[in-house]
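Written out below as structure tokens is the structure these notes cover.
No value in this document is a laboratory result; all are computed from the given coordinates. Model, not experiment: these values are computed from the prediction. As a convention, Cβ positions derive from the backbone with ideal geometry for all residues, glycine included, and neighbour counts pool all protein chains shown.
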Amino acid sequence: MSKNRKNRKEPAYLRNFTRDVLQRKIWLEESYAKEHSNTIDGLKVLTETLNKYIQDLNLEICRNIPYISLKPTTGADDAVRMFIRQQAQFDEPSFMLQIGEHYIGLTHFIDLFVSEGVFELDHPSNEVFDAEIIFNSDYTRMVIIDIFLDVAMFNSYSFLRDADTEEKQAFSKKKYEYFRSHHLSTCFDEVGENLDYYSFAFSCHDISEETTFSINLEKYRNIWEDFIHEYYPNSVHKERPIEQQLKMRVDKHLPSDYHNEFDDKEPGIYFVLRLNRADLSPDIHGQLLPILGGKDVGFSNLKIVTKTELSKYGKLLRELYISAFKVVKQEKDSIKSVAKNEEAKPQKSGNNHCYKIAVSFTSKYREKYVEPFCNALLKLGYSKDDIFYDNWHKVRFNGPNGGEIMQNIYKNDCRMIVVLLSPDYIERRWTGINEWPVIEGLINSRQSDKICLLSVDSVDLESISAYIKTYGIVEDVSNMRPDEIAKFINDFYNDRIISH
Amino acid sequence: MEKHKIWAPIDKVEQEKYLYHYTSFENALKILYHNTLKFSKLSASNDSFERKPKVKLDCKDLKLHQIYSYIHDGLEKIRCNIRILCFSTDADYDKIKSQYVEMNSLFSKDMIRENVLGRGFALPRMWAQYADNNHGVCLVFDKKKIEDCIKKCQINFYGQNVEYKAYYQPIIITENQLDQIIKGINTNPLDFVKQISTSDFNYIVYNYFTKLDDWSSENEFRYITFSDSSIEGDVEISSISSALCGIVIGERMGDVEKYILELLLADGFNELQLKQIVFEDLTTRIKAIPCSSKKKGSAEYV
């Protein structure tokens with residue numbers, strides 16, 4: 001294998017052409033370092049996997065997520081984020097002495113203790129660490145990747161990246177709070193109370209999987225989005241200017257005014273392509289010519305493509321015949337427009353899904369079912385701003401066009417709709433005329449994934465919809481307690497909305 | 001992602017889920033290479049009492065002494081046809097709980113987490129006596145799966161924990177039972193014992209699943225079966241790899257042995273967890289083996 005990184009066949013091809021790479025280190029306790037002498041090779045492979053995840057996220061997310069370079073070390077410095085040891089009794093005084101001067105500047109520092117039969121996230125054994133992860137050696141890669149994937153995601157938001165150390169430490173706690181309040185699943189057997197750290201990747205593994213420990217990236221993205229939406233509703237990410245982004249490209253083949261090429265382009269993700277290898281077979285040459293244009297394929301041919309167009313060149317990218325460099329064009333007015341939205345609406349906004357859950361029901365069932373389960377949802381960590389239950393948001397739809405506003409909420413401003421089907425549901429004017437047609441419209445337009453169907457009092461489903469009667473699965477909640485109904489709704493939200 | 005629980009401390013492990021078989025390095029290679037486990041003769045046991053029928057004649061007539069000797073010899077011969085397969089088990093947590101909690105009160109949280117004392121693969125005397133003085137191996141089996149393997153081999157078996165007693169109390173044979181026993185021993189002694197075993201479970205428990213307290217540190221669980229043949233090792237279980245879920249190597253196993261074991265496991269035992277036992281000053285822990293050939297793509301090992 002070539003020692004030149006650019007010539008190596010690596011899965012994370014985008015990583016090869018950017019300087020947007022964070023240098024981080026893993027501190028190995030002396031006895032661990034001694035026994036795991038092949039750690040350096042291991043870390044290389046691990047870093048490639050980690051960067052492949054980051055690349056996959058970069059292909060989808062309209063922000064630049066930095067890549068990570070990991071190196072092992074046997075002492076403290078500012079780039080260290082975790083400490084690996086395999087013995088309960090290590091030389092703690094010497095360790096504390098070494099970490100001393102770096103402690104203040106660390107945003108988070110995790111103690112990884114390799115103990116074969118336990119997989120827990122807990123309080124640390126001393127005040128230096130934010131958390132202690134006790135894990136079986138087979139999970140080493142998984143745990144390290146999870147932690148550094150969150151480091152990369154964190155640094156992709158300008159308002160987090162630019163925060164001071166104290167705010168960054170508070171951020172780590174917020175992730176844990178979010179994990180608890182949203183009852184997210186976790187790969188750990190046990191997670192301690194009131195911790196200062198959590199990585200969202202811990203909640204995105206398929207725990208039935210025994211070997212690969214792969215991460216469900218879609219779920220991971222959704223959790224991050226939802227978390228930022230909830231905890232940083234007024235913060236706006238500012239992407240670097242395109243000129244500055246282009247300067248992060250590893251080579252200097254780009255003309256200095258190349259950023260002007262993006263002037264007429266719509267906001268979004270773009271990739272600058274260029275030839276990367278001179279050893280072209282006639283076949284490859286033939287494939288590259290129509291892509292890069294010009295009479296002959298050369299290093300000076302540059303092309304800007306969209307995300308969709310890039311996907312056509314997968315093999316050429318993986319084989320590193322083409323270099324690709326991501327550029328994000330952010331909406332010019334995004335900062336202003338978001339700020340304006342915040343002013344106009346006290347509720348969380350930033351996208352159309354204002355509420356997490358909206359509830360459709362007839363008033364007859366308000367007292368017995370709806371209000372109790374909405375209150376039970378509050379106990380599960382939801383706020384009143386998260387739930388569109390009419391009594392809590394009367395001002396929102398008051399007025400002559402209240403029905404229209406409500407329809408719009410069901411249609412656009414909620415992530416999930418809970419429909420409590422009752423014998424009078426279709427007959428009632430409000431539900432039958434205003435709400436059900438919108439819900440039915442969502443079903444017909446293949447947005448039924450956001451609809452959770454509950455029923456009471458042996459409702460005849462045929463009277464509601466022949467389609468629901470034939471194909472639908474409806475949860476009968478007549479004999480369920482409010483907390484049980486709330487749990488069902490919360491599970492639906494976590495499994496169907498956040499996960500997808 | 002549940003596999004790691006095999007190595008959990010005693011208070012966290014599922015009771016009676018695993019069985020542990022201690023053996024020397026050479027025997028482990030045979031077991032793994034042939035993918036079989038053999039039942040051994042009860043008469044070859046290292047416990048002298050195992051070979052002795054624990055019966056007493058309830059008769060004061062001295063003339064019957066010769067008859068008693070005849071019965072005794074008959075039963076002892078039958079023992080040659082009885083095969084046993086022995087394992088260790090995890091300690092019964094309920095029984096050791098108070099001591100365990102007391103011990104943990106003196107330890108740090110991390111020491112408690114790594115300490116596997118009480119687990120069936122962490123029995124110092126077993127490592128010394130059966131695993132070649134810590135140079136050998138302890139094979140970890142899933143109990144349910146090993147029983148499936150035995151059933152697949154169409155072997156009739158009884159299996160249960162060995163009971164430990166301070167003294168043996170003999171089974172009393174009354175004068176009335178004598179004729180029946182003599183007839184049984186004279187015609188087909190093996191069938192006779194099988195018949196008693198089926199009809200009187202206490203007999204089988206007492207004779208084959210009871211040992212003196214002296215052996216209690218073995219935490220033994222055993223399977224017995226009967227064989228018409230008296231050939232050593234003629235009853236064997238095949239395809240045991242399906243029940244094998246981990247291998248622990250002794251603290252003193254040499255690098256060459258380790259390497260040979262790794263090579264053997266790399267061929268067909270890829271999912272198997274290979275660990276090493278480490279007896280520390282106060283605790284006992286299991287550690288991963290940072291090896292070169294454990295799995296394909298070993299460079300990924302960090």
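Database remark: amide H of A:Leu22 closer than 5 angstrom to the amide H of A:Tyr67, A:Ile68, A:Ser69 (H placed geometrically; neighbours at sequence offset of 5 or more, or on other chains; Pro and chain starts carry no H).
Which of the three applies to segment A:93-171, rounded, prolate or oblate, going by the alpha-carbon gyration tensor with a ≥ b ≥ c and a/c under 1.5 meaning rounded? Each step should come with its number before you reach the end.
Numbers: a/c = 2.44, a/b = 1.27, b/c = 1.92.
Oblate.
For n ≥ 4 DSSP H runs only, could you compute -39500 (n - 2.57) per run for chain B, divide by its residues and tell me the 222 nm figure to the nearest 500?
On the way: 10 runs with 102 residues, N = 302.
The helix contribution divided over chain B gives -10000 deg cm²/dmol.
Figure the gain on full extension for B:Ser48 and B:Lys77 (residue separation times 0.36 nm, minus the Cα-Cα span) and round it to one decimal in nm. Please list the in-between numbers first.
On the way: separation 29, 0.36 × 29 = 10.44 nm, distance 1.46 nm.
9.0 nm is the gain from fully extending B:Ser48 to B:Lys77.
Summed over all non-identical Cα pairs, the Kirkwood treatment of segment A:8-56 gives a radius of 12.3 Å.
Calculate the mean, over all residues of peptide A:113-126, of how many other protein chain Cβ atoms lie within 10 angstrom of the residue's Cβ. Could the numbers behind the result be given before it?
Working: counts 4, 4, 14, 16, 17, 10, 5, 1, 0, 3, 1, 1, 3, 0.
Other-chain Cβ atoms within 10 Å of each residue's Cβ, averaged: 6.
How far is helix A:402-411 tilted, in degrees, relative to the longest principal axis of the Cα atoms in chain A, given as a value from 0 to 90 rounded to the nearest 10? That helix lies at roughly 40 degrees to the long axis. The calculated FRET efficiency for B:Cys153 paired with B:Leu264, based on their beta-carbon distance and R0 = 30 Å, is about 0.85. Each peptide in A:14-20, A:60-66, A:31-37 gets a packing score, the mean of other Cβ atoms within 10 Å over its residues, and the list from highest to lowest is A:14-20, A:60-66, A:31-37.
Treating r as the C-beta distance of B:Lys12 and A:Asp251 and R0 as 60 Å, the FRET efficiency rounds to 0.65.
Derived value for segment B:90-231: Kirkwood hydrodynamic radius 18.8 Å. Basis is the mean of 1/r over every pair of different alpha-carbon atoms.
Projecting the Cα positions of A:Leu217, A:Gly192, A:Ala170 onto the charge dipole of segment A:101-249 (unit charges on Cβ atoms of Lys, Arg, Asp and Glu, taken about the Cα centre) puts A:Leu217 furthest along the positive direction.
Which FRET efficiency value, to the nearest 0.05, do you get for A:Ser125 and A:Trp392 by plugging their Cβ-Cβ distance into 1/(1 + (r/R0)^6) with R0 = 41 Å?
Values: r = 45 Å, r/R0 = 1.09.
My answer for the efficiency is 0.40.
The overall shape of segment A:355-500 is rounded: from the C-alpha gyration tensor, with semi-axes ordered a ≥ b ≥ c, the ratio a/c is less than 1.5.
The translational diffusion coefficient of the protein assembly as shown, from Stokes-Einstein at 10 °C and 1.306 mPa s with a Kirkwood hydrodynamic radius over alpha carbon pairs, comes to 50 µm²/s. Between A:Gln447 and B:Tyr70, the modelled label-to-label distance comes to 9.6 nm, taking each label 7 Å out from Cα in the direction of the beta carbon.
Would you calculate, for chain A, the mean residue ellipticity at 222 nm contributed by helices, counting each DSSP H stretch of 4 or more residues as -39,500 (n - 2.57) and dividing by all residues, to the nearest 500?
Details: 19 runs with 182 residues, N = 500.
Theoretical 222 nm ellipticity from helices: -10500 deg cm²/dmol.
Computed from Cα positions, the angle between helix A:217-231 and the longest principal axis of chain A comes to roughly 70 degrees.
Within 10 Å of each Cβ in A:13-20, how many Cβ atoms from other chains are there, averaged over the peptide?
Values: counts 0, 0, 0, 0, 0, 0, 0, 0.
Average per residue, whole number: 0.
Using only alpha carbons, segment B:110-169 has a radius of gyration to Kirkwood radius ratio (Rg to Rh) of 1.08. Of all DSSP-defined beta bridges confined to the protein assembly as shown, some 50% are antiparallel rather than parallel. By how many degrees, 0 to 90 and rounded to 10, does the Cα axis of helix A:140-156 deviate from the longest principal axis of chain A? Between the helix axis and the principal axis of chain A, the angle is about 80 degrees.
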